[in-house]
Amino acid sequence: MNKKLKTILKITVPLLLGVVLVWYSLSQISLEKLADYFEKANYTWVGLGVVLGVLSHLSRAYRWKFMIEPMGYNLKLPNSIMAVMAAYLVNYTIPRAGEVTRATIITNYEGVPFEKGFGTIVAERVADLVMMMVIIAITFFFQFDFIYNFFIEKFDPVKIVVGLVGLLLVCVIGILFIKKSQLKIAIKIRGFVFGLIEGIMTIFKMKQKWAFIGHTVFIWVMYVLMFYITSFAVSDLGEVPFAAILIGFIVASFSIAATNGGVGSYPEAVVVAFLLFNLPEDPSRAFGWIMWSSQTLMIIVFGGLSLIYLPIYNRNLKKKELKDT
């Protein structure tokens, strides 16, 4: 597959999938009914959820400074904040293009070489992946009985055991193949795994590692809390068990990678998770749309303002520096 076709598919497939999922979601609930949920929503909770989302992004921007400073660059916090916000906005147009945009911004305005800036973002993603795994592990630990009973009810126990043994064998064979094979795909996977390990080790070697880890935990606590707090906005959901919040958060988080900024996929992921807990379908779908819409609006506003203000801020900063010299 040539690079041009690959690029076209990377852009069009998530976009088309998003359109299909939006159509599907709106075919399951009328626009009038959805609008009614939006109208009746308690926007105090929605607003609080947005504030928590903003705090997580500010913390991410501050955390980035810990990774840039050891390379000899003093990343200005306003530039870091605006680069992070702009990156989130760009991800709504082309998935994962935001990381490139973010690194490009600090190259242009802070003089940080692109490859170094991009490398720190990759290391950040490793930390975020670890945190997601921790949340999954915590959910599994505290909700083991629910998950166990769910699979026992839905599937034959013998088939589950056979499936797990089969999966274990596939994993062992896969690991051995990746370890020994010289095929292109095996080399790529090896490189990816080594990159992950290297990224994790870099975090523990940095001067302010505990501050970095503290901010990483704070970011993800804010993510979970904003999901939880916003659920109070839809009264028809009733009392949502925290287990549903955790599972809903995990499934919805993964859905963001499927389409541009989770358009269409996010509300449906929430529905899938909440239905496991017998929560009502329409309020679950409405909550998914309210949650996604509020966070998307926040990104559009702050990301848009960041793109506009970035050159103005740096131009004024340059003038000030020239004046002081």
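Numerical summary
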| read-out | value |
| --- | --- |
| Cα gyration tensor, region 195-308 - rounded (a/c under 1.5), prolate or oblate | prolate |
| Part-to-part distance (alpha-carbon centres) for region 206-243 and region 27-45, which is given in Å | 24 |
| From the C-alpha gyration tensor of region 1-104, square roots of 5λ in Å | 33, 26, 7 |
| Residues of type aspartates and glutamates that Lys320 reaches as a straight line, Cα spacing below 16 Å, ignoring anything fewer than 8 places off in the same chain | Glu110 |
| Which of Asp128, Asp145 has the fewest Cβ neighbours within 10 Å, and the rest in rising order | Asp145, Asp128 |
| Loop sites in region 277-325: chymotrypsin sites (Phe, Trp or Tyr not before Pro), DSSP, at most 11 other Cβ within 10 Å | none |
| Longest to shortest principal axis, alpha-carbon extents of region 61-133, angstrom | 30, 27, 21 |
| Compactness of the chain - radius of gyration and Dmax, Cα, Å | 21.9, 77 |
| Mean Cβ neighbour count within 10 Å, used as a protection proxy, ranking 131-141, 228-238, 256-266 highest first | 256-266, 228-238, 131-141 |
| Over the chain: helical MRE at 222 nm, DSSP H runs n ≥ 4 each giving -39500 (n - 2.57), nearest 500 | -28500 deg cm²/dmol |
| Excluding exposed DSSP-loop trypsin sites (Lys or Arg not before Pro) (at most 14 other C-beta within 10 Å), longest clean stretch of the chain | 208-325 |
| Above-threshold pairs, the threshold being 24 Å between Cα atoms, out of Lys76/Lys209; Lys116/Lys209; Lys209/Lys319 | Lys209/Lys319 |
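A short reminder: the numbers here are calculations on the coordinates, not readings from a lab. The structure displayed is predicted, hence computed values, not measured ones. When we count neighbours, we look across all protein chains shown, and the Cβ atoms used for this are built from the backbone with ideal geometry, even at glycine.
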